[in-house]
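Colleague: Before we start, here is the structure in question, set down as structure tokens.
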Amino acid sequence: MDENKKWITIYSITGVIAIAIHYSLKLEVFSNWDTFLPFLQKLSISLVLLSIVLLIKHLIRRLIKTKVNNLGDQHNLLRVTNLISTSLLALILASVVIQEPLTTLYGIGIFSLILGFALQAPITSFIGWLYIIFRHPYQVSDRIELKKHKGDVIEISYLDTTILELSGNYLGNDRRSGRIIKVPNSAVLSHEVINYSGDQQPFIWNETGLQIAFTSDLKFVEECLLEAATKDFEHMYPTILEDNDIWKPSVYYRINTYAWLEAVVTYPVEPRDMTERRNRILRTALPMLNTQPEKVKFPEGAKR
């Protein structure tokens, strides 16, 4: 049985039983229980309300999981559902315990003021969570950079964001390092967020450079690099229109520190494909360049 469906059944049965108990307490047989009867009636109606809230919560969770396909939106909606339902449950339970609401309200106000000063950092992180939920600087599954940490978002809790790190201290590429980073949500209020997985752009731009001699045939080098980048793009991203000029690669040249000329190919790439796309372009371009050693000379070499 589906987990949500199981709990929906349990809470429905509990609610029916609580309603039966509530109306049973009004029977004449309980009329002598003057001391306990008001509390029992209040408790029974609270159980009914608890069951209704929990039932609605699991119905909404089930609806979210079946109707919302985006992983980030699904995660955020589930978090908001949990927060609202937990708050309602706390209010219902408090209504059973509290006998003098006004006095208790004053006490809660003073206690909240003291707690606010003591827990400024967690409260700021909770406000940061609200900012993330409503402003969407990033979602679960996005690749982001936050406070100099770069990685894939795997969880957004009420107080912090969990990131699966990329690169890190031990890697020189964009592969996942395996390290887990917890960043307080308050960071989004004081630091810039770089999102590599935004909805507006499916790709980011990357570049790869090759050192060549000044005597190389620059037109030939450019043709080889553009052909390698274009073929790989068409193979990996066939749904993108070929005549879309915005995603066409380009080549430019710059002077290298060690007196060689550097041919740089700039190309669009899906954020999670950066390392592999660079490798594929080089695996295609280098054999093409090596077929004409008289046109292209590399730093290694003697005349070729």
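Colleague: V265 is checked against (1) surrounded by fewer than 16 Cβ atoms within 10 Å (Cβ to Cβ); (2) over 30 Å from the mean Cα position of the chain (by Cα); (3) of a type outside the set (G, A, S); (4) within 16 Å of N206 (Cβ to Cβ) and fails just one. What number does that condition carry?
Modeller: The number of the failed condition is (1).
Colleague: Mind telling me which of the residues L71, L77, L88 ends up being among the hydrophobic types (A, V, I, L, M, F, W, C) and more than 26 Å from I154 (Cβ to Cβ)? Give the steps one after another, and end with the answer.
Modeller: Details: L71 fails: more than 26 Å from I154 (Cβ to Cβ); L77 fails: more than 26 Å from I154 (Cβ to Cβ).
After ruling out the rest, the residue left standing is L88.
Colleague: Considering only residues that are surrounded by 16 or more Cβ atoms within 10 Å (Cβ to Cβ) and free of Cβ contacts under 8 Å to residues at least 40 places away in the same chain, look in region 169-188 and name the one that is nearest to I132 (Cα to Cα).
Modeller: Restricting to residues being surrounded by 16 or more Cβ atoms within 10 Å (Cβ to Cβ) and free of Cβ contacts under 8 Å to residues at least 40 places away in the same chain, the top hit is V183.
Colleague: Look through region 244-262, keep the residues that are modelled with pLDDT under 90 and polar (S, T, N, Q), and return whichever of them is surrounded by the fewest Cβ atoms within 10 Å (Cβ to Cβ).
Modeller: Result: T257.
Colleague: Could you please let me know if L241 is modelled with pLDDT of 90 or more, in the same structural domain as T284 (by TED's automatic domain parsing) and not acidic (D, E)?
Modeller: No.
Colleague: Got a number for residues in region 189-238 being aliphatic (A, V, I, L, M), surrounded by fewer than 18 Cβ atoms within 10 Å (Cβ to Cβ) and outside any helix (DSSP H, G or I)? I'd like the intermediate steps shown before the answer.
Modeller: Within region 189-238, the subset aliphatic (A, V, I, L, M) is 189, 193-194, 204, 210, 212-213, 218, 221, 225-226, 228-229, 236.
From the residues that got through so far, the ones that are surrounded by fewer than 18 Cβ atoms within 10 Å (Cβ to Cβ) too are 189, 193-194, 204, 213, 218, 226, 236.
Retained after the next criterion (residues that are outside any helix (DSSP H, G or I)): 193-194, 204, 213.
Residues flagged as aliphatic (A, V, I, L, M), surrounded by fewer than 18 Cβ atoms within 10 Å (Cβ to Cβ) and outside any helix (DSSP H, G or I) within region 189-238 amount to 4.
Colleague: Further, regarding this structure: Could you grab me the full set of residues in region 133-168 that are assigned to a helix (DSSP H, G or I) and surrounded by 14 or more Cβ atoms within 10 Å (Cβ to Cβ)?
Modeller: Step one: of region 133-168, the residues assigned to a helix (DSSP H, G or I) are 133-135.
Correct list: I133 only.
Colleague: How many residues, within region 268-298, are in a loop (DSSP other than H, G, I, E, B) and either of a type in the set (D, E) or surrounded by fewer than 16 Cβ atoms within 10 Å (Cβ to Cβ) (or both)?
Modeller: 5
Colleague: Working only within region 247-280, note down all residues that are in contact (Cβ under 8 Å) with a residue 12 or more places away in the chain and of a type in the set (A, V, I, L, M, F, W, C).
Modeller: W247, V251, W260, L261, A263, V264, V265, V269, M274
The values are calculated or read from the model by the stated rules, or taken from the named source; none is laboratory data. It should be emphasised that the depicted structure is a prediction, and the values quoted were computed from it without experimental measurement. All Cβ positions, glycine included, derive from the backbone under ideal geometry; neighbour counts span all protein chains shown.
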